[in-house]
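The values are calculated or read from the model by the stated rules, or taken from the named source; none is laboratory data. Remember, it's a predicted structure, so these values are computed and weren't measured experimentally. Quick reminder, even Gly has a Cβ in these numbers, built from the backbone with ideal geometry, and neighbours come from all protein chains shown. Areas reflect the complete protein model, heavy atoms only, side chains present, ligands, DNA and RNA absent. Shrake-Rupley method; radii C 1.70, N 1.55, O 1.52, S 1.80 Å.
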Amino acid sequence: MAIRLFSEHVILGQGANLRVEGALLSIAGDSIVDLQPMSRAQFAARPDADDCLDLGQQLVGPSFLNGHTHLAMSALRGIGQQALRGNVVEDLYFQLESHLTPADVRAFVRMGAYENLLAGVGAVWDHYYHADDIAAGLMDVGLCGVVAPTVQDVAGPGRDGTEAALESTLAIHASTRHQQAGVYAALGPHATDTVSPALWRRLALLADQHQLVMHAHIAQSIEEYRRSMQTYGCTPIAGLREAGILDLDTGLVLVHSLFVTAADIRLLHPDRHALAYCPLSQIQFAFPAHITPWLQAGLPIQVGTDAGACNDTMNVQQELRVLAGGSAFAVTQGEAYRDFQASGSLGAAEAVHSQRVQTYDQTPSIHQMLDMVWQTPARFCPALRMGELAIGNRACLNVWDLSHPALWPATDPLRALVMCDAAKALRHVMLNGQWMAPLDTRLQEHVLNSADFQAAQAEASERLQALLRRTGLF
Ligand SMILES: [Zn+2]
């Protein structure tokens, strides 16, 4: 039985063609099977109008995709603030992670998945250990995703689990059960300093043989850059070219990429390479990536939250606000402002203002930013069939209440989805053609009061306490 729903405000198209107009959507199984733009008057004139769900003026749009996560690490939120000045990944997370069990991962992933769900995220690009349990945790909650089992052979808690991680990758990739739930695999080399050149070459062969996209942290820390320069005499990205990774037409999602040179950017191609940009995480564990050269080179960007442990929220929509305005902090910290403070001259003040205008002019457009949570993270895993409401795509959508004070008056609904605190106004969520809460209930209330959520929360809390006791760190 198909679900047919009409709204006066449906987000259609993608990129520069993104627009909001009235439309009638038909959903059968997990897919959008028909989509007809139409006005309220045209809808009302249809003989079947009474059999359709009329969402009135509520905004219907595609689910967000969270372009880089480690859902299980939500359990480590708020732990180890003192480690953030150094390399928090190596100094703290690696130690805790060596004590994690697969069942811990599944329990923690569920909590991260619920937080994503309640922020309007329908799919995540996750990267972690015990990946079979990441996939299981996603499916427990109903979220879609691209799961990259973390692969390491030089350093890190996954060092002895390389073969198991690769087996998981291929097993998830081949599993119809996972595909039906919208869960797909990616190859997950951890970073250039935790994976040997020989293993990178082996992963390149697997990518080609099995048509798998690759998802890896690249140039994310000074330690990684230092090791690359000292051991191989080249930047991490130049090292990837040497290993044949940059030629793979199956694609590479480069996460963080903080230490990237102008020459590195020239090695990348918009058809094969995307940056996964996580500004709110990066400002905690390091500093934000410089995205302007990526944008100028036409390289696609997908936005993610990274881990709950180094971001404190899974709300990917809030990353867009930071992306839109974050570069203005450079004005405050810049040389022009220091000159102005010293001299107070009008000329120095004008220089500050012109830097501000220049920075503003480099800000991506609303359409470009929405592409970073819709089109790009969907394009790099086409099997997801997400990122746009279109015939044949997976029926994963959000219904936003435009009359909610968080969005009202929503004069420009697309801008509102970038700049407002939209999660509060999330009214309904559909994933894989299923409403995640009955339409006469409040989404948040329904999910949080459900027996499934309460059991998941209790188990995750118990497992976290046990993990902390086992590590002896706290
Ligand atoms: Zn990460």
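Testing the spin-label approximation: label points 7 Å from Cα along Cα→Cβ at Gln333 and Asp312. State their distance in nm.
Between Gln333 and Asp312, the label points sit 1.8 nm apart.
Convert each backbone phi in region 260-272 into a coupling constant with the Karplus relation 6.51 cos²θ - 1.76 cosθ + 1.60 (shift: θ = phi - 60°), then list the ³J(HN,Hα) values in order as whole Hz, x for Gly and Pro.
Taking θ as phi minus 60°, the curve returns 10, 8, 4, 5, 4, 4, 5, 7, 9, 10, x, 6, 10 Hz for region 260-272.
Using only Cα atoms, what is the ratio of the radius of gyration of the chain to 2.2 N^0.38 Å? Numbers along the way, then the final one.
Working: Rg = 22.6 Å, N = 474, 2.2 N^0.38 = 22.9 Å.
Relative to the rule-of-thumb radius for its length, the chain sits at 0.99.
Tell me the relative contact order for region 196-253 as a rounded percent, counting alpha carbon contacts under 8 Å between residues six or more apart.
Details: 52 pairs, mean separation 27.1, N = 58.
RCO, region 196-253: 47 percent.
Given +1 on the Cβ of Lys and Arg, -1 on the Cβ of Asp and Glu, and no further charges, what dipole in debye does the chain carry about its Cα centre, rounded to the nearest 20? List each step's numbers first, then the result.
Details: 30 positive and 47 negative charges, 68 e Å.
Once rounded to the nearest 20, the dipole reads 320 debye.
As an exercise, identify the GluC sites (Glu not before Pro) in region 379-474 lying in DSSP coil whose Cβ has no more than 10 other Cβ atoms within 10 Å.
Taking region 379-474 and a limit of 10 other Cβ atoms within 10 Å, no loop GluC sites (Glu not before Pro) are found.
For region 333-474, give the percent of accessible area contributed by carbon and sulfur heavy atoms, probe 1.4 Å, rounded to a whole number.
51
For region 281-382, what does the accessible surface come to per residue with a 1.4 Å probe? Please give it in Å².
46
Relative contact order of region 105-147, please, whole-number percent, based on alpha carbon pairs below 8 angstrom and at least 6 residues apart. Could you put the intermediate results ahead of the total?
Values: 49 pairs, mean separation 22.3, N = 43.
Over region 105-147, the number comes to 52 percent.
Taking R0 as 22 Å, what's the FRET efficiency between Gln179 and Asp249 from their Cβ-Cβ distance, rounded to 0.05?
Approximately 0.55, to the nearest 0.05.
When all protein chains stay in place, what accessible area (Å², nearest 10, 1.4 Å probe) is found for Thr231?
90
Determine the per residue accessible area of region 115-240 with all protein chains present and a 1.4 angstrom probe, expressed in square angstrom.
33
Give me the distance between the Cα centres of region 269-314 and region 85-99, rounded to whole Å.
Going from one Cα centre to the other spans 21 Å.
Compute the separation of the alpha-carbon centres of region 352-403 and region 181-230 and state it in Å as a whole number.
About 26 Å separates the Cα centre of region 352-403 from the one of region 181-230.
Based on alpha-carbon atoms only, what is the radius of gyration of region 291-341 relative to the globular estimate 2.2 N^0.38 Å? Each step should come with its number before you reach the end.
Values: Rg = 14.4 Å, N = 51, 2.2 N^0.38 = 9.8 Å.
So region 291-341 has a normalised radius of gyration of 1.47.
For the pair Leu53 and Ala451, what calculated FRET efficiency results from E = 1/(1 + (r/R0)^6), where r is the Cβ-Cβ distance and R0 = 35 Å, to the nearest 0.05?
Once the sixth-power term is evaluated, E becomes 0.85.
At a 1.4 Å probe, what is the % contribution of carbon and sulfur to the accessible area of region 52-143?
Details: 1240 of 2510 Å².
Here it works out to 49 percent.
Under 8 Å for C-alpha pairs, at least 6 residues apart: give me the relative contact order for region 113-238, rounded to a whole percent.
Over region 113-238, the number comes to 21 percent.
Taking 0.36 nm per residue of sequence separation and subtracting the Cα-Cα distance, how much length would be gained by fully extending the chain between Leu267 and Ser403, in nm to one decimal?
Full extension from Leu267 to Ser403 adds 44.3 nm.
Using +1 at the C-beta of Lys and Arg and -1 at the C-beta of Asp and Glu, which of Ser343, Asn449, Cys310 has the Cα lying farthest in the positive direction of the dipole of the chain?
Positive-end residue among those listed: Ser343.
Taking all protein chains in place and a 1.4 Å probe, what share, in percent, of the accessible surface of region 238-283 do carbon and sulfur account for?
Percent of accessible area from carbon and sulfur atoms in region 238-283: 48.
Compactness ratio of region 142-251: Cα Rg over 2.2 N^0.38 Å, N = residue count?
Values: Rg = 14.2 Å, N = 110, 2.2 N^0.38 = 13.1 Å.
Normalised Rg, Cα atoms only: 1.08.
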